[in-house]
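Accompanying notes for the structure given below.
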Amino acid sequence: MRERPTLKRWLTVLAAMAAGSVLLAACSSAPGNTTTQSLKTLTVGSSNVFPPTLNPTANASQAIDEVIDYNVLQHLVELAPDGKIVPVLATSWTVSSANKVFTFTIRKGVRFSNGNPLTPKDVVYSLKRVSAPGSTYPYAKIFDVASVTTLGSDQVRVTLADPSWEWLYNLAAYSNGVILDPSAISSMATDPIGTGPFKVTGEVTNYSVSLARNNLYWGYKPHVAGVTFRYYTNPNALNSALESGQINMIDNLSTPSDLSLFKSNPKYRVIAGLTNGKVQLTLNNAYGPLRNRLVRQAILYATNRQAIIKAASGGYGIPAGSDTVPADPYYLNLTNVYPYNVAKAKQLMAQAGYPSGFPLTLTLPPYYYAQLAAPLIVSELGAIGIRVTVSTIDFPLWISQVFEAGDFETTIIDHAEGRDIGNYGTPGYYWHYAGTAQVAKELAAADAAPTRAQWIAGYRQVLRQITAAAVNDWLYIIPNLTIAQKDVVGLSSTAYTEAFNLTYVGIGGSIPASAKALGYSS
């Protein structure tokens, strides 16, 4: 879910057992080091809501992360477009004591945008702040750290409460990992001070947030003078702004069917990449007929995922077979478990005691993918006797009624969080899966496993288990469709983080070969 509430979750991680191999520094002759006088400002048209604050440690809104995370505030390690964990404010790290102790070497010569030097003490302060009394960090509960200390003059040692293969991913992917200047905390809501390639220069409520290139940045300097994020609530207005040249790009095309406006036009480039988003028909496992596993399996067999992708996502994205995406180290393609088979679905309905079907309410949030997929779901389930009534409610009500209270029968939602299989082991989670306690034990055991192979095997076993139980009807992995003027370079080829990473962006020019290798467009 894009506007996600604070959740307790278990997240998995591709934990690197040694230092990452790709550094993000730049050579002095790179085009990115051009003076700002000769550069243009990049204007990004965004379909997100306007950020409620610029402090990602106080609010889980994806709109904050899009602008601030990675661009203004940086982590010790971050996720590259290809899903790899790469060094940023740490130049290297080691892992010991069976994934319980992480030792980071802190990059030298780094300054915050206000001129203050980055020190290991700042790192210790930032990581301790996540779980300090009064913490407002949205994901503090997944940051299970026992101690953080300096080690020598340039290292920081983090000791976890329990061994974990997932912790390094959490550090890289979520706002828990941002490194802060302790002297600038009071300005976080409007002027977060970071070490990234950009700094905040202003905002106009419900209209724009402006960033300027940070000339104190330690690494490759983007080939733009700054970036302005401009917000649009109407997709037609957003498309028109790009066509008229008011903006240089659209961060994510909100209506994939509009891609035809740009795809064949040589003025633009289309970057279509995968995300962590799993669009699913969520099934309330505690509701009437849906308590029956055979009924849930019948629903999965009755679903034509390719037809739904064509209707709801313009043909982009790929079918989902369970709660996993290709970037996950434990990814399993389970789409063949429930191939589209109406006859099989009818057989299961009869076997479950519902040969004539039953009525079912589909409660939708007001999002395009849900609205476009719903008519197909109504038709497909109608073919096996399930008579679906659709009810659309606004998102705050969806959160309170469906997500928080679990008062629904079915819904369609994009679970956009990365590696969120832990939801199936979360007590009281809104789809009321009966196997939650067992999954929680299996995930905990796998996360503490002595080898990477055992960790992956454990998580894959959970994927097979929830798929066999047909807990939900996983429809497709949602795409990220970025549309940009053809001279815009350095954009991420995927959206595996909620940050819209512009570290290598440029209007004209080129990007380093190392950035291309990580999945940035040239």
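The values are calculated or read from the model by the stated rules, or taken from the named source; none is laboratory data. This is a predicted model, so every value here is computed, not measured. FYI the Cβ positions are ideal-geometry reconstructions off the backbone, even for glycines, and counts take in every protein chain you see.
Here are the numbers for this structure:
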{"read-out": "Residue list for segment 305-319, restricted to those being surrounded by 18 or more Cβ atoms within 10 Å (Cβ to Cβ) and at positive phi", "value": "Gly314, Gly317"}
{"read-out": "Check on Ala30, at pLDDT below 85, surrounded by 20 or more Cβ atoms within 10 Å (Cβ to Cβ) and closer than 21 Å to Gly226 by Cβ", "value": "no"}
{"read-out": "Of all residues in segment 177-196 being part of a helix (DSSP H, G or I) and out of contact with any strand residue (DSSP E or B) (no Cβ under 9 Å at 6 or more places or on another chain), the one that is nearest to Phe50 (Cα to Cα)", "value": "Ser187"}
{"read-out": "Count - residues of segment 95-116 that are assigned to a loop (DSSP other than H, G, I, E, B) and more than 23 Å from Gly196 (Cα to Cα)", "value": "4"}
{"read-out": "Residue list for segment 246-261, filter: surrounded by fewer than 15 Cβ atoms within 10 Å (Cβ to Cβ) and free of Cβ contacts under 8 Å to residues at least 40 places away in the same chain", "value": "Ser260"}
{"read-out": "Segment 101-136 - residue that is closer than 23 Å to Arg419 by Cα and at pLDDT below 95 and, of those, surrounded by the most Cβ atoms within 10 Å (Cβ to Cβ)", "value": "Ser131"}
{"read-out": "Given (1) within 29 Å of Pro479 (Cα to Cα); (2) surrounded by fewer than 19 Cβ atoms within 10 Å (Cβ to Cβ); (3) not aromatic (Phe, Trp, Tyr), index of the condition Ser153 fails", "value": "(1)"}
{"read-out": "Residue that is nearest to Pro163 (Cα to Cα), among those in segment 419-439 that are in contact (Cβ under 8 Å) with a residue 60 or more places away in the chain and in a helix (DSSP H, G or I)", "value": "Gly422"}
{"read-out": "Condition check for Glu417: under 21 Å from the mean Cα position of the chain (by Cα) and either over 28 Å from Val95 (Cα atoms) or of a type outside the set (S, T, N, Q) (or both)", "value": "yes"}
{"read-out": "Ser208 being surrounded by fewer than 17 Cβ atoms within 10 Å (Cβ to Cβ), modelled with pLDDT of 95 or more, of a type outside the set (D, E, K, R) and closer than 27 Å to Ile507 by Cβ", "value": "yes"}
{"read-out": "Hey, Pro359 assigned to a strand (DSSP E or B), free of Cβ contacts under 8 Å to residues at least 40 places away in the same chain and more than 22 Å from Ala307 (Cα to Cα) or not", "value": "yes"}
